[in-house]
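Below is one structure, written out as structure tokens, with a few remarks after it.
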Amino acid sequence: MTETKLELLFSREKIDGRVRELAGRISRDYEGRDLLLVGVLKGAFIFMADLIRGMSIPCRVDFVRLASYGAGSRSSGDVRITKDLETPIAGREVLIVEDIVDTGLTLSRLIDLLREQKPSSVRVCAFLDKQQRRRVPLTADYVGFAIPDAFVVGYGLDFNENFRFLPDVCILKDIA
Ligand code: IMP
């Protein structure tokens with residue numbers, strides 16, 4: 001049987017400092033604008049909660065949930081919305097809040113789907129970014145941390161629905 005081991009990558013203190021920096025930048029960039037944050041469930045729920053509490057400007061929030069179909073657990077790009085927005089976004093400034101960008105397939109499809117509704121802007125704030133694994137060109141506008149190609153859990157991110165509750169971000173390692 002394969003066992004797993006957790007190795008600390010980012011402590012809660014480090015995460016807290018970085019999320020505050022991002023919140024400050026977003027507040028400056030969107031000052032005086034009508035901002036809607038769109039959180040991608042489930043992974044982004046903790047990041048989004050901390051982000052909006054660090055911001056100094058008002059915003060509204062909504063959530064989407066996506067399912068990616070295809071072989072195995074890998075992202076296929078065949079992405080469907082299983083929980084849609086409840087807010088009309090035409091003419092709105094939309095900032096997607098995502099836990100992690102990996103291949104980029106999920107987010108690029110979500111961006112396309114949202115653009116069909118004619119928002120005035122769509123940008124991306126990703127807590128983590130695995131740039132080396134990108135399969136489609138996608139650059140997040142705000143990134144918490146760039147990370148290497150490793151599987152990470154905690155701070156909302158899961159492995160089979162486990163570990164979301166961890167306050168730190170850890171690398172999940174297999175030990176044979
Ligand atoms: P993408 O379409 O390959 O960019 O997939 C992004 C989604 O895959 C994220 O929203 C996560 O749900 C999941 N994911 C990718 N890498 C990790 C990881 O290291 N830990 C937990 N979830 C991950």
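The values are calculated or read from the model by the stated rules, or taken from the named source; none is laboratory data. Only a predicted model underlies this, so the values are computations on that prediction, with no experimental measurement involved. So basically every Cβ, Gly included, is an ideal-geometry build from the backbone, and we count neighbours across all protein chains shown. Surface areas here come from the heavy atoms of the whole protein model, side chains and all, with no ligands, DNA or RNA. Shrake-Rupley method; radii C 1.70, N 1.55, O 1.52, S 1.80 Å.
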Partner lysines whose C-alpha sits under 22 Å from that of Lys130, ignoring same-chain residues fewer than 8 away, are Lys5, Lys14, Lys42, Lys173
Working from Cα positions, state the angle (0 to 90°, nearest 10) between the long axis of helix 45-54 and the longest principal axis of the chain. 50
From the P(r) of segment 1-47, could you give the percentage of C-alpha pairs in the tail past 11 Å? 77
Work out from phi, with θ = phi - 60° and the Karplus expression 6.51 cos²θ - 1.76 cosθ + 1.60, the ³J(HN,Hα) of each residue of segment 137-150, listed in order in whole Hz, and give x for Gly and Pro. x, 8, 10, 6, 6, 10, 10, x, 9, 7, 10, x, 6, 9
Computed over the chain, protein heavy atoms only, probe 1.4 angstrom, the accessible area per residue in square angstrom equals 53
In square nanometres, what is the average projected area of the Cα convex hull of segment 76-176? 7.7
So the angle from the long Cα axis of helix 105-115 to the longest Cα principal axis of the chain, reported in degrees to the nearest 10, equals 10
Whole-Å distance, taken between Cα centres, linking segment 85-163 and segment 10-72: 10
Taking N as the residue count of segment 81-126, its alpha carbon Rg divided by 2.2 N^0.38 Å gives 1.11
Provide the FRET efficiency to the nearest 0.05 for the Asp16-Ile57 pair, computing r from the beta carbons and using R0 = 25 Å. 0.80
Could you give me the ³J(HN,Hα) list for segment 15-24, computed from phi with Karplus coefficients 6.51, -1.76, 1.60 and θ = phi - 60°, whole Hz, x at Gly and Pro? 4, 4, x, 5, 5, 4, 4, 4, 4, x
If you bin the C-alpha pair distances of the chain every 10 Å from 0, what whole percents do you get? 9, 38, 37, 13, 2, 0
